[in-house]
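The values are calculated or read from the model by the stated rules, or taken from the named source; none is laboratory data. On a predicted model such as this, the values are computed, not experimentally measured, just so you know. Because the Cβ atoms are built from the backbone with ideal geometry, glycine has one as well, and the counts that use them run over all protein chains shown. For the accessible areas, the whole protein counts, side chains as well, though only heavy atoms, and no ligand, DNA or RNA atoms are used. Shrake-Rupley method; radii C 1.70, N 1.55, O 1.52, S 1.80 Å.
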Amino acid sequence: QVQLVESGGGLVQPGGSLSLSCVASGNIFGIYTLGWFRQPPGKQRELVATITVGGSTNYANSVKGRFTIAKNNTRTTVSLQMNSLKPEDTAVYYCNAQKTSGPGYWGQGTQVTVSS
């Protein structure tokens, strides 16, 4: 089992910045991809960004140029720097870890609210 704990959510004004962090623990051996997903109110969960152990990144078009995903070398921490935030970025943000095989793992989520 892999446990994921997110932190860093909160309330921010449009145009502001927030940084999210996720710490993985437990059986982290074999984790290949770490990522962030979000679920806006009344909508389905969607991809925000992912990063592989090799450092390859993938971003949703809606966040390209504004969000940056990063990880540490031990595959235990993944962060999401969010700049130029918009009201439509309001969502519960979830950390995700995928191994080379088997199901993925999810954190409990952290709320990000962008509002004036």
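Surrounded by 14 or more Cβ atoms within 10 Å (Cβ to Cβ), in a loop (DSSP other than H, G, I, E, B) and at negative phi: does that describe I51?
Numbers: surrounded by 14 or more Cβ atoms within 10 Å (Cβ to Cβ): yes; in a loop (DSSP other than H, G, I, E, B): no; at negative phi: yes.
The answer is no for I51.
Which pairs turn up if I take residues in region 61-84 that are more than 16 Å from T50 (Cβ to Cβ) and look for partners that are charged (D, E, K, R) and surrounded by 14 or more Cβ atoms within 10 Å (Cβ to Cβ) with beta carbon separation below 7 Å, at least 6 apart in sequence or on another chain?
So the pair list comes out as N83/R66; S84/R66.
For P87, state whether it is under 26 Å from I28 (Cα atoms) and either surrounded by fewer than 17 Cβ atoms within 10 Å (Cβ to Cβ) or of a type in the set (A, V, I, L, M, F, W, C) (or both).
Details: under 26 Å from I28 (Cα atoms): no; either surrounded by fewer than 17 Cβ atoms within 10 Å (Cβ to Cβ) or of a type in the set (A, V, I, L, M, F, W, C) (or both): yes.
Taking the combined requirement at face value, the residue does not satisfy it.
Would you check if there is a residue in region 73-80 being at negative phi, open to solvent by less than 60 Å² (accessible area, probe 1.4 Å), modelled with pLDDT under 95 and part of a loop (DSSP other than H, G, I, E, B)?
Within region 73-80, the subset at negative phi is 73-74, 76-80.
Checking which are open to solvent by less than 60 Å² (accessible area, probe 1.4 Å) leaves us with 76-80.
Within this subset, residues satisfying the condition of being modelled with pLDDT under 95 are 76-77.
So of that shortlist, the ones also part of a loop (DSSP other than H, G, I, E, B) come out as 76.
Yes, some residue in region 73-80 is at negative phi, open to solvent by less than 60 Å² (accessible area, probe 1.4 Å), modelled with pLDDT under 95 and part of a loop (DSSP other than H, G, I, E, B).
Do we have any residue at all in region 44-61 that's modelled with pLDDT of 95 or more and touching a helix residue (DSSP H, G or I) at 6+ places or on another chain (Cβ under 8 Å)?
No, that holds for no residue.
Could you count how many residues in region 7-41 are small (G, A, S), open to solvent by less than 30 Å² (accessible area, probe 1.4 Å), under 23 Å from S56 (Cα atoms) and outside any loop (DSSP other than H, G, I, E, B)? Full working, then the answer.
In the first step, residues of region 7-41 are kept if they are small (G, A, S); the result is 7-10, 15-17, 19, 21, 24-26, 30, 35.
Checking the rest, the ones that are also open to solvent by less than 30 Å² (accessible area, probe 1.4 Å) come to 10, 16, 24, 30, 35.
Subsequent filtering for residues that are under 23 Å from S56 (Cα atoms) retains 24, 30, 35.
Then keep just the ones that are outside any loop (DSSP other than H, G, I, E, B); that gives 24, 35.
Selection size over region 7-41: 2.
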